[in-house]
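Chemist: Below is the structure I would like to discuss, written out as structure tokens.
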Amino acid sequence: MKRLLSMSGISLMILPMLMILLLFTAVPAQQTGNVTPVASGSSSSAACDTDTDDDPDTTGGAPMNTVEAWTKRFGDIAFKTGREYGIPYEAILGQSAWESAWGAAAPYHNYFGIKGSDGATTGTTECDASGCHATVATWKRFDSDEDGFDGYGRLITTSGYYDKALAYPGNPYEYLKAIRAAGYATAPDYVDKVWSITRSFITYIRDNDLYPPSSSVTPDRKPSDTAAGDADSGSSTTTVSCNASSSSSSVVAGKVGGAPEGGEKGRRDFGWLCSTDAKVCKDGDFGPFPSFASGGRYQCYWYALVRLWVIHDHDVSNWGTAVAGQIPGRLASDPEYTVDSTPHPGDGVAQYEGALGGDDKSGHVAVVEEVKKDADGWRIRISEGNYGTDGSGPWNGYNTRWLAQAQFKGAGSVFFRKNSWKN
């Protein structure tokens, strides 16, 4: 024994240490963030098993990072969900695989990256106007795989933000484009990534004659048959509707104060912010959001962030999307926010086109400075950045204007506020 040890140069004290080292290196590290076996979704990490106790792991440990294995596990559930809610089931398969990193990141059966307040809190990556950043999020909890897929169907059909996507029950690609545009995801290459996976499912299902294409499937109900009120109160499948209130909430008349009116057509530069905590005094100052100095400059998004930061005692941060029109859709499933169709002084307001006048690609976001009631309902005065300019985000792009309730007819839930804001 001594001779063997001397030849190898290994002592008895070192051997146990080596065995421990080998043991740890043989066990794969738990995946976090966007590190995945095949692809990375927007939700984050957790190993998974099929139990339904308090352990957030939900995928059972069996490898599912192939189209064949995923289809065997979730094909029937996806097809049923698609037919029930009028969603292309091929896209459901593609999204569930991508968002959950092929099951490696599906705490409590949440395969679609749906945020909530009752599930696991993990690391994730989100993209906004300044780029993509690591952050943390709390995900919604579901009781089973079927519950998780059904929760996705309810989210798409009851929130009101994805109505345009429901026009494509038999076109997975157009459907994915529509939900991305509505704010479902923040990654700029989301559609390309999910579509690549979805095409693999389409090919596998066709070649093995498993299900008819969604283009030949008749949905059980039309999109108009599904309303926000269909969601069961307190049900684990109620997602966005818990925060997206209807227009029946009371209009709160009042005024924030501090944002100037006047100037030619209400426009002037942003120097008035110099007297606030933001300390934006001259062209080149970006206050608490300096990342805009490297791109975008004084866009509407920058202004809304800064103004709401000032109004609400610094209680605001980027909203998880680089596209202004997507903000309400992103915040609707965030338990820290309320999104509805009734304005309050100090709200943010965002939409594509419509009363705010943004385009159909980027939309526009502004701040509600004042709310007045009148015979026709309500009127609001908004303040905004980069309105009526050449789009470059110039220093003199500050603006203020009045808008009437009638101008928001059919706009849905476009006003948003953080629940911790005082006004």
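Each reported figure results from applying straightforward, stated rules to the coordinates on display, with no laboratory input. It should be emphasised that the depicted structure is a prediction, and the values quoted were computed from it without experimental measurement. Heads up, the Cβs are rebuilt from the backbone with ideal geometry, glycines too, and the neighbour counts pull from every protein chain shown.
Chemist: Which pairs, out of K115/K418; K115/K177; K282/K372; K164/K361, put more than 23 Å between their alpha-carbon atoms?
Modeler: Pairs exceeding 23 Å: K282/K372.
Chemist: Still on this structure, I have one more. Using θ = phi - 60° and the Karplus curve 6.51 cos²θ - 1.76 cosθ + 1.60, what whole-Hz ³J(HN,Hα) does each residue of segment 170-177 get, with Gly and Pro shown as x?
Modeler: x, 10, x, 5, 5, 4, 4, 4
Chemist: Enumerate the lysines that K72 could reach by cross-link, defined here as Cα to Cα under 24 Å, with residues fewer than 8 away along the same chain left out.
Modeler: K80, K193
Chemist: A further question on this structure: Distances longer than 15 Å among the Cα atoms of segment 316-360: what percent of all pairs is that?
Modeler: The share of Cα pairs beyond 15 Å in segment 316-360 comes to 46 percent.
Chemist: Short version: ³J(HN,Hα) in whole Hz for each residue of segment 298-308, in order, from phi by Karplus 6.51 cos²θ - 1.76 cosθ + 1.60 (θ = phi - 60°), x for Gly and Pro, what are they?
Modeler: Running phi through 6.51 cos²θ - 1.76 cosθ + 1.60 with θ = phi - 60° gives 8, 6, 4, 5, 4, 4, 4, 4, 5, 5, 5 Hz.
Chemist: DSSP loop trypsin sites (Lys or Arg not before Pro) in segment 356-423 with at most 13 other Cβ atoms within 10 Å of their Cβ, which ones?
Modeler: Here the trypsin sites (Lys or Arg not before Pro) that fit, given the DSSP loop and packing criteria, are K361, K409, K422.
Chemist: Taking θ as phi - 60°, what are the ³J(HN,Hα) couplings along segment 196-208 by the Karplus curve (6.51, -1.76, 1.60), each to the nearest whole Hz, with x for Gly and Pro?
Modeler: Taking θ as phi minus 60°, the curve returns 4, 5, 4, 4, 5, 5, 4, 5, 4, 5, 5, 5, 9 Hz for segment 196-208.
Chemist: Students often check this: by mean Cβ neighbours within 10 Å, which of 301-311, 139-149, 163-173 ranks highest, and how do the rest follow? Don't skip to the end; give the middle numbers.
Modeler: Working: 301-311: 25.1, 139-149: 21.6, 163-173: 19.3.
Peptide ranking by packing, descending: 301-311, 139-149, 163-173.
Chemist: By per-residue mean of other Cβ atoms within 10 Å, what is the highest-first order of 73-82, 101-110, 252-261?
Modeler: 101-110, 73-82, 252-261
Chemist: Right, another one. Using the per-residue mean of other Cβ atoms lying within 10 Å as a proxy for protection, in what order, highest first, do the peptides 352-360, 180-188 fall?
Modeler: Details: 352-360: 18.0, 180-188: 21.9.
Per-residue mean Cβ counts within 10 Å order the peptides as 180-188, 352-360.
Chemist: Given points 7 Å out from each Cα along the Cα-Cβ axis, report the Q407 to A167 separation in nanometres with one decimal.
Modeler: 2.4 nm
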